[in-house]
Amino acid sequence: MNEADEENRLVERARAGDRAAVEALLEPWRKPLFGYIYRMVTSREDAEDLLQETLVRAIEQIPRFRGEARFKSWLFGIATNVSLDHLRRKKRWRVETQIEGEARARANPERMAEVRAMMARPDFSFEIREHIAFCFSCLARSLEPEKEAALFLKEVLGFTAQEGASMLGCSEPRFRHHLSAARSAMIEAYEGMCQLINKTGACWQCRGLRELAPVSNQGADLVQIEVKPGVVVTPETLFEARLDIVRTADLEEGRTRKLHEDFFDAVTRAVETLPA
């Protein structure tokens, strides 16, 4: 029996009320679902709560699942709607949010001491690829929620435009519009901000954080985002190269995890206290 047949068998059992089959269907997707939700909402605590909400909704709705879509697509569709509901209640971040957060941190000696102490711990390593994934999620929070979801679903998770449209409850042309607008906004933001792309950019956190970390705690190095040999460097190709890193970086459980959790939480608190 191949994987698809086994999944279909489990779905039939789950629809009939077999809780063991439900658990067998959902368990392999807990970690991927958490990674998606976490990157969307940029809060581990919120992502854990939203993951549980996703799984509860999936258990409640599985009797009505008829297999019109892949089970994975159906499940990520639930996670998408749970995440969108959450993001619509939150303030969108400014493109400059990271820069503002860094400025506040550097103006606070106690805060900087905390960051240095965290980076000096034996179990810490500053992995710049993880930081690039953190930066991507941070900038993505400046997008409208539907556009952010389209970007993650298509460009990071690899769903088709048809699948993405179904998850967002819109037409495929509308989904493609969301995706195009999200890509354009992200490319423009990176061009104006990131020193890995633009030497006059305002954001140099990748280099600055690496310099803060003790030599013994400096992980994988990446002097610049590299485009494949023979590929002309353009904002678009640099964005694609960055996406390659974002898809594979372990933002959720990596060696820089504690630092970026701390960053996300600090930025979230700052943004939520700003006037409407």
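The values are calculated or read from the model by the stated rules, or taken from the named source; none is laboratory data. Keep in mind it's a predicted model, so treat the numbers as computed, not measured. Cβ sites come from the backbone with ideal geometry, for glycine too, and all protein chains shown count toward neighbours.
So here's what we get for this one:
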| read-out | value |
| --- | --- |
| Glu110 vs. criteria in a helix (DSSP H, G or I), more than 30 Å from Arg9 (Cα to Cα) and either assigned by TED's automatic domain parsing to the domain that holds Val246 or touching a helix residue (DSSP H, G or I) at 6+ places or on another chain (Cβ under 6 Å) (or both) | yes |
| Selected residue [at pLDDT 70 or above and either charged (D, E, K, R) or within 21 Å of Glu127 (Cα to Cα) (or both)] from Leu238, Leu196, Leu222 | Leu238 |
| Residue ID - modelled with the highest pLDDT, chosen from residues in segment 53-72 that are assigned to a helix (DSSP H, G or I), of a type in the set (Lys, Arg) and more than 30 Å from Arg269 (Cα to Cα) | Lys72 |
| Candidates Leu179, Leu151 - the one that is in a helix (DSSP H, G or I), among the aliphatic types (A, V, I, L, M), over 26 Å from Leu259 (Cβ atoms) and modelled with pLDDT of 90 or more | Leu179 |
| Answer from Ala69, Ala150, Ala133, Ala140 - the residue that is outside the structural domain of His260 (by TED's automatic domain parsing) and under 30 Å from Leu26 (Cβ atoms) | Ala69 |
| Pick from segment 85-104, criterion without any contact (Cβ under 8 Å) to a residue 60 or more places away in the chain and part of a helix (DSSP H, G or I), ranking: surrounded by the most Cβ atoms within 10 Å (Cβ to Cβ) | His86 |
| Test for Leu50: is it assigned to a helix (DSSP H, G or I) and either among the aromatic types (Phe, Trp, Tyr) or more than 15 Å from the chain's Cα centre (by Cα) (or both) | no |
| Candidate set from segment 233-269 (those that are of a type in the set (S, T, N, Q) and assigned to a helix (DSSP H, G or I)); member that is nearest to Phe152 (Cα to Cα) | Thr248 |
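Each row is one residue, and each column tells you yes or no for (1) at pLDDT 80 or above; (2) farther than 19 Å from Gly101 by Cα; (3) of a type in the set (Val, Ile, Thr).
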| residue | (1), (2), (3) |
| --- | --- |
| Val227 | no, yes, yes |
| Asp244 | yes, yes, no |
| Arg255 | yes, yes, no |
| His260 | yes, no, no |
| Ala276 | no, no, no |
